[in-house]
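Structure first, commentary second.
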Amino acid sequence: VALPDEHKFQARIDAEEKIEPKDWMPEGYRKNLIRQMSQHAHSEVVGEQPEGNWITRAPSLERKAILLAKVQDEAGHGLYLYSAAETLGATRDEMIEALHEGKAKYASIFNYPSLTWADIGAIGWLVDSAAIVNQVSLQNTSYGPYARAMIRICKEESFHQRQGYHIMMTLMDGSDEQKAMAQDAINRWWWPAMMMFGPHDGESAHSAQSMKWKIKRRSNDDLRQQWVDQAVQQAHAIGLEVPDDDLTWNEERGHYDFGPIDWDEFNRVIAGDGPCNRQRLAHHKKAHDDGAWVREAMSAYDAKRRAKSSA
Ligand code: FAQ
């Protein structure tokens with residue numbers, strides 16, 4: 001039975017009001033948001049790894065500077081999202097611990113290896129565009145700090161997406177080997193990118209409640225379809241083939257029909273058994289442990305400063 005407070009809360013949501021940190025909210029709303037936002041933050045940070053792998057091997061100084069800036073942006077996105085999640089009462093330590101213990105997830109896509117320079121193009125183009133399609137819808141999410149974080153993140157992601165597509169365009173304008181490298185990258189990243197949107201709507205555990213609370217504004221399948229429609233056109237524009245034999249334009253629907261997604265693979269990867277899960281988590285833990293002295297030094301400095309100003 002819904003309490004009177006819950007009715008009022010739902011009425012605010014229905015009226016498109018933003019919920020702010022000090023407002024009353026149902027515990028389920030708070031918990032669900034902490035889950036989604038912390039997983040989103042973890043994705044940004046773990047997502048630095050596949051690209052970080054190529055910073056020292058970028059083909060030119062310009063590409064290296066651009067990639068470095070992009071990866072740094074992802075760290076910034078993680079920071080905005082952790083900060084926004086902290087307004088709900090979760091501490092950074094708790095969120096990181098949940099990641100390390102395998103209780104919190106991060107986007108399945110980052111468990112695939114970046115084998116060639118073309119993968120950096122494919123990640124920027126496909127992964128960032130999938131992220132944008134989703135995040136544009138989240139600019140209207142009901143929780144104020146999350147919605148506001150999304151606005152800035154989307155602006156930065158648009159630049160990321162273009163840099164990825166530019167790498168693909170350049171490769172497709174190059175030698176046969178470079179073209180083959182670009183095709184190989186889309187072959188390996190296409191299906192994992194499709195999975196970024198999560199299970200089909202009928203299988204999505206959180207969707208119904210999240211849509212009612214307007215945490216999510218558009219469904220997993222709806223967003224996936226929008227992404228397919230735009231990515232297919234972009235692929236064809238530069239001469240890349242999409243690795244899906246069932247892909248056909250459906251005149252009646254006004255959308256592309258596509259082949260079945262391998263949900264067994266998706267479930268394996270989110271359960272921790274993808275190609276790079278262990279490596280990604282081990283790297284994150286090591287970086288976190290290696291950085292402990294920085295956090296300690298900052299807290300000690302802060303404590304000293306506070307003691308001085310209160311003396
Ligand atoms: N990977 O009931 P649903 C980026 C889990 S940012 C892993 O449909 P929901 C930028 C889901 O958590 C990319 N797990 O869940 C970048 C749940 O498990 P749980 C990240 C997934 O929340 C680019 C279970 O399956 N973006 O890439 C995935 O309603 C380049 C049932 O699923 C966001 O996080 C998946 N793909 O919908 C950075 C956006 N899909 O928690 C570096 C915010 C589902 O019960 C380089 N998040 N699961 O244990 C969302 O919009 C939603 O959380 C969805 C999933 C749409 C991801």
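The values are calculated or read from the model by the stated rules, or taken from the named source; none is laboratory data. In this text, all values refer to a predicted model and were calculated from it rather than measured experimentally. The protein model used for the area step is the full one, side chains on, heavy atoms only, and it has no ligands, DNA or RNA in it. Shrake-Rupley method; radii C 1.70, N 1.55, O 1.52, S 1.80 Å.
Give me the percent of the accessible area of the chain that comes from carbon and sulfur atoms, probe 1.4 Å, all protein chains in place.
Working: 8660 of 15880 Å².
So the carbon and sulfur contribution to the accessible surface is 55 percent.
Along its principal axes, the stretch 241-311 has C-alpha extents of 74, 30, 22 angstrom, given from the largest down. In order along the stretch 119-128, the Karplus-derived 3J(HN,Hα) couplings, from 6.51 cos²θ - 1.76 cosθ + 1.60 at θ = phi - 60°, round to 4, 5, x, 5, 5, x, 6, 7, 6, 5 Hz, and Gly and Pro are given as x.
Computed from Cα atoms alone, the Kirkwood hydrodynamic radius reported for the stretch 172-235 is 13.8 Å.
Phi angles across the stretch 201-215 convert, under the Karplus curve 6.51 cos²θ - 1.76 cosθ + 1.60 with θ = phi - 60°, into 3J(HN,Hα) values of 3, x, 9, 7, 4, 8, 4, 4, 5, 5, 6, 5, 7, 6, 5 Hz, Gly and Pro given as x.
Restricting the calculation to Cα atoms, the stretch 84-146 shows an Rg/Rh of 1.06 when the hydrodynamic-style radius is the Kirkwood one.
Against the empirical curve 2.2 N^0.38 Å, the C-alpha radius of gyration of the stretch 16-59 lands at a ratio of 1.85. Normalised Debye scattering of the chain at q = 0.11, 0.12 Å⁻¹ gives log10 I(q)/I(0) of -0.74, -0.87, counting only Cα atoms as equal scatterers and leaving out solvent.
Kindly provide log₁₀ I(q)/I(0) values, in the same order as q = 0.14, 0.18, 0.29 Å⁻¹, from the Debye equation applied to equal alpha-carbon scatterers of the stretch 218-267. Values returned for q = 0.14, 0.18, 0.29 Å⁻¹ are -0.40, -0.65, -1.24. For ILE19, the residues 5 or more places off, or on other chains, whose built amide H falls under 5 Å of its own are TYR143, GLY144. The residues of the chain have, on average, 51 Å² of accessible surface per residue, using a 1.4 Å probe with all protein chains present. Computed over the alpha-carbon pairs of the stretch 164-311, the distance histogram in 5 Å steps reads 2, 7, 11, 13, 12, 13, 11, 9, 7, 5, 4, 3, 2, 1, 0 percent, short to long. Our note on the geometry: Cα centres of the stretch 215-265 and the stretch 45-86, 27 Å apart.
Amide H contacts for HIS255 (H built 1.01 Å from N in the peptide plane; partners 5 or more residues away or on another chain; cut-off under 5 Å): ASN250.
At 37 °C and a viscosity of 0.692 mPa s, what translational diffusion coefficient does Stokes-Einstein give for the stretch 31-190, taking Rh as the Kirkwood radius over Cα pairs? Give it in µm²/s as a whole number.
202
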